[in-house]
Amino acid sequence: MTPRLAAIAVVVRAGQVLLARRKNEPDAGLWGFPGGHVDFGETALDAAARELREETSVIAEPQKYLTNIDVITRNAEGQITYHFLLAAVLCEYRSGTPHPSDDVSEARWFDFSAIQNLPTSANVAEVVNLAANAYSTTPTIGPS
């Protein structure tokens, strides 16, 4: 078994961030960034934009890498069930209204301050703060 490379699209627009509620494990039912596997021969930047479009119908242009996140989950016996390296990609919104499809049950824009009250995947608040800082926007959420 080997870790899987995935990309997440971090889209900020008018003081809000786009989040999606995952349908499948890992993190089923939690809010996080749209994203998924990087295909062979595809950059993580391109994968973030593709997955964003597939999962939410939103079009955005990848700008830069924000950070990398190791996601390693274990079952009750301590065995690893998932191991992903997520490339968090800051994307600039171009068009589209969020409509859930593919691997998400909901997709919508949230004010930064609302994120602290959501059931989110790990590192969402940290990544939102990185994105807000990239746009020189004052984040209003605490640590994840």
Here region 126-132 yields Karplus 3J(HN,Hα) values (6.51, -1.76, 1.60; θ = phi - 60°; whole Hz; Gly and Pro given as x) of 4, 5, 4, 4, 4, 5, 4
Rg (one decimal) and Dmax (whole number) from the Cα set of region 4-134, in Å, equal 13.7, 45
Which whole-Hz couplings ³J(HN,Hα) result when phi for each residue of region 59-72 is put into the Karplus expression 6.51 cos²θ - 1.76 cosθ + 1.60, θ = phi - 60°, listed in order with x for Gly and Pro? 9, 8, 9, x, 9, 6, 6, 8, 5, 10, 10, 8, 10, 10
Taking the Cα centre of region 47-144 as origin, sum charge times position over the Cβ atoms of Lys and Arg (+1) and Asp and Glu (-1), and report the length of that vector in debye to the nearest 20. 200 debye
Check which residues have an amide H placed less than 5 Å from Glu106's amide H, if you skip close sequence neighbours. Arg21
Placing unit charges on C-beta atoms (Lys and Arg positive, Asp and Glu negative, everything else neutral), compute the dipole magnitude of region 36-90 about its Cα centre in debye, rounded to 20. 140 debye
List every residue whose amide H lies under 5 Å from the amide H of Phe33, counting only residues 5 or more places away in sequence or on a different chain, with H placed 1.01 Å from N in the peptide plane. Ala20
Non-local residues with an amide H under 5 Å from the amide H of Val58, with H modelled 1.01 Å from N and Pro and chain starts lacking one, are His99
Between region 29-49 and region 77-104, what is the separation of their alpha carbon centroids in Å? 5 Å
Added length on full extension, which subtracts the Cα-Cα distance from 0.36 nm per residue, Ala76 to Met1: 25.1 nm
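The numbers here are math on the coordinates, done by the rules we state, and not lab data. Because the structure is predicted, anything quoted here is derived from the model rather than measured. Neighbour counts run over all protein chains shown; Cβ positions are idealised from the backbone, glycine included.
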